[in-house]
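The values are calculated or read from the model by the stated rules, or taken from the named source; none is laboratory data. None of these values were measured; they are calculated from a predicted model. Virtual Cβ from ideal backbone geometry, glycine too; neighbours counted across all protein chains shown. These area figures cover heavy atoms from the full protein model, side chains too; ligands, DNA and RNA do not enter into them. Shrake-Rupley method; radii C 1.70, N 1.55, O 1.52, S 1.80 Å.
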Amino acid sequence: MNPAIVFKNVSKIYHGQIFGLKEINLEVEKGDFVFIIGHSGAGKSTLLKLLYRALLPSSGEVYVNNMNLLKLKSKDIPVFRRTLGVVFQDVRLLPRKTAIENISLCLEMLGLSDREVKKRAYKSLELVKLSAKSRAFPNELSGGEQQRLAIARAISYYPTLLIADEPTGNIDLKTSWEIMSIFESLNRMGMTILITTHNPIIVSKMNKRVIQLKNGQVESDSLEPTPIVYEQI
Amino acid sequence: MSRFRIYLREAIVSLSRGGGMAIASTISISFTMIIFGLILMCFLSLFQASTKIGDQVELLVFLKDNVSAQDINGLVGTISNMEGVASVEYVSKHDAWEKFKKYFQNKINISDIKNPLPDTIKVRTKSPDYIAGLSKVISQFPQVDETRYPQQLLNTLNIMVQKITLIGSLLLIGFALASLVVISSTIKVSVLARREELEILELVGAEPNFIRMPYILEGSFIGFFSSLLAIFFFIFLSIFLSFTVVNINPPWSFFWPLNTSLWILMCFIIVFTGTFIGFLGSFISLRNVGKFSVTKDF
């Protein structure tokens with residue numbers, strides 16, 4: 001097997017005493033669709049931040065696509081981040097750029113031709129059904145549209161691994177399902193998907209692998225896709 | 001699209017969408033450039049005045065009696081070709097005496113006096129610095145009796161120019177550094193206002209230069225436009241002063257109190273300094289960008 005993500009005895013301690021994560025061991029195979037669930041402060045966001053190298057573990061090792069993130073040099077971080085698709089908890093769109101510009105600018109970092117940039121940017125918008133709003137600025141989009149734009153930006157790189165931190169956090173259930181269906185179709189295309197969420201309805205109905213965190217530790221890990229009644233969320 | 005074109009496009013788009021912040025930065029920096037320009041203008045005016053006095057100074061070459069016209073012509077030709085000589089004028093003893101008589105006609109009785117004046121060559125130099133050297137060389141010629149120039153005045157002028165240059169340069173460098181602090185603070189405010197943008201770019205994998213360069217170019221543009229505003233101020237100031245103080249009519253008044261070349265030099269210095277300080281100010285404000293991607297620990 002060739003795992004996309006490996007956590008080996010990973011702990012993260014803030015300010016020398018507060019545990020963000022405690023001795024985490026887990027593997028996510030390529031092509032998997034995994035939900036990370038847990039209360040606020042359970043360690044979900046910390047886990048994701050370790051994956052896109054916004055944080056370093058206090059101990060243990062994190063591997064993404066066989067790359068040990070501890071050994072990653074500062075100058076290689078941007079290149080590494082461009083191999084991932086990340087949808088941030090607070091969307092994080094460039095406020096003074098239109099929808100299409102938000103995507104194009106990221107693609108231009110790859111050194112693609114103007115034609116390729118345009119093609120990929122419009123294709124990404126089309127995938128999230130946002131083509132009609134390509135010239136809109138983020139503040140002119142609804143919460144759901146902003147979230148879809150963030151997904152479009154994340155997938156425009158054609159990443160093999162997509163990480164989404166609470167992508168349905170502040171949006172209604174109907175829009176949440178729309179977004180989940182986008183993730184599902186991306187997963188069917190072979191993309192490994194890792195999502196943190198608070199939403200028990202989505203988790204139980206999606207019927208995917210669920211890793212539950214509690215106080216920075218893995219409370220449960222349903223390796224087989226199992227419907228889950230999620231009382232604790 | 002090449003990286004530089006992307007940086008340039010981003011800087012221009014950012015300026016055009018920057019709205020109030022870009023305008024406020026430009027105006028506040030232009031005030032700094034106006035003060036810088038005023039110091040520069042005073043320095044250049046003093047420099048111009050002292051150079052003008054120096055340029056008026058002549059080297060007088062008194063010739064011996066009975067030097068033939070052919071020798072005089074030869075000497076004038078030789079002096080004209082010497083390094084640093086701007087112009088040479090031969091005044092015969094006859095012409096000099098006629099001029100003298102005309103000047104003192106009604107003041108003293110000189111009708112019985114025999115012409116005591118020698119044939120003279122007046123030498124103007126390209127710079128007062130050449131006078132002493134030329135005097136030394138020319139006085140060695142056999143046709144020359146003696147050479148004279150206002151050595152004391154030249155020494156005083158020399159010291160004055162040196163002092164003006166030193167004090168002016170120190171003032172300008174000091175003020176340029178102060179401007180750098182003001183400008184980098186102004187730019188820092190606008191960078192802080194866009195801190196979120198910088199963080200987003202880092203998170204989506206932009207390299208430090210990709211993040212910094214548009215902002216650095218934007219800072220340079222703001223410095224450039226601020227300098228242009230300052231230059232417009234000086235154009236209006238010069239026109240105003242020429243009408244009210246010196247009463248000269250345009251277009252000659254346009255560059256007052258400086259001459260055309262010094263005006264162009266002043267504009268060039270203001271534009272260069274403004275643009276460079278804008279560039280440096282942004283560079284300093286953004287020096288930490290890209291470093292926090294290493295890892296933020298809480």
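Just a few scattered comments:
- Once region A:101-140 is narrowed to residues that are among the aliphatic types (A, V, I, L, M), under 21 Å from A:Met180 (Cα atoms) and open to solvent by 60 Å² or more (accessible area, probe 1.4 Å), the residue that is modelled with the highest pLDDT is A:Ala132.
- Remark: pairs (first residue in region A:1-26, at positive phi; second residue part of a strand (DSSP E or B) and open to solvent by less than 10 Å² (accessible area, probe 1.4 Å); Cβ separation under 7 Å; 6+ apart in sequence or on different chains) = A:Glu23/A:Ser11.
- Filtering region A:87-102 to residues that are at the interface with another protein chain (Cβ under 10 Å from one of its Cβ atoms), hydrophobic (A, V, I, L, M, F, W, C) and more than 13 Å from B:Leu201 (Cβ to Cβ) leaves only A:Val91.
- Residue in region B:202-213 that is crowded, with 16+ Cβ neighbours inside 10 Å and under 32 Å from the mean Cα position of the chain (by Cα) present: yes
- A:Leu84 being facing another protein chain (nearest Cβ under 9 Å) and under 16 Å from A:Ile163 (Cβ atoms): yes
- So B:Lys107, is it within 20 Å of B:Glu83 (Cα to Cα) and out of contact with any helix residue (DSSP H, G or I) (no Cβ under 9 Å at 6 or more places or on another chain): no
- Residue in region B:43-56 that is open to solvent by 40 Å² or more (accessible area, probe 1.4 Å) and either more than 22 Å from B:Gln151 (Cα to Cα) or modelled with pLDDT of 85 or more (or both) present: no
- Whichever residue in region B:25-42 is crowded, with 22+ Cβ neighbours inside 10 Å and of a type outside the set (S, T, N, Q) and, among such residues, is nearest to B:Met160 (Cα to Cα): B:Leu40
- Note on region B:18-30: residues that are more than 13 Å from chain A (Cβ to nearest Cβ) and of a type in the set (A, V, I, L, M) total 4.
- Residue match in region A:196-218 (condition: open to solvent by 70 Å² or more (accessible area, probe 1.4 Å), part of a helix (DSSP H, G or I), modelled with pLDDT of 80 or more and of a type in the set (Val, Ile, Thr)): yes
- Those helices (runs of 4 or more DSSP H) lying entirely in region B:97-208 with at least 3 residues more than 14 Å from every other protein chain (Cβ to nearest Cβ) and either touching a residue at least 60 places away in the same chain (Cβ under 8 Å) or more than 30 Å from A:Asp90 (Cα to Cα) (or both): B:131-138, B:151-193
- Selection count where residues are more than 16 Å from A:Leu112 (Cβ to Cβ), at the interface with chain A (Cβ under 10 Å from one of its Cβ atoms) and among the β-branched types (Val, Ile, Thr), scope region B:1-17: 1
- Each residue in region A:28-74 was checked for being surrounded by 16 or more Cβ atoms within 10 Å (Cβ to Cβ), charged (D, E, K, R) and within 14 Å of chain B (Cβ to nearest Cβ), and 2 pass.
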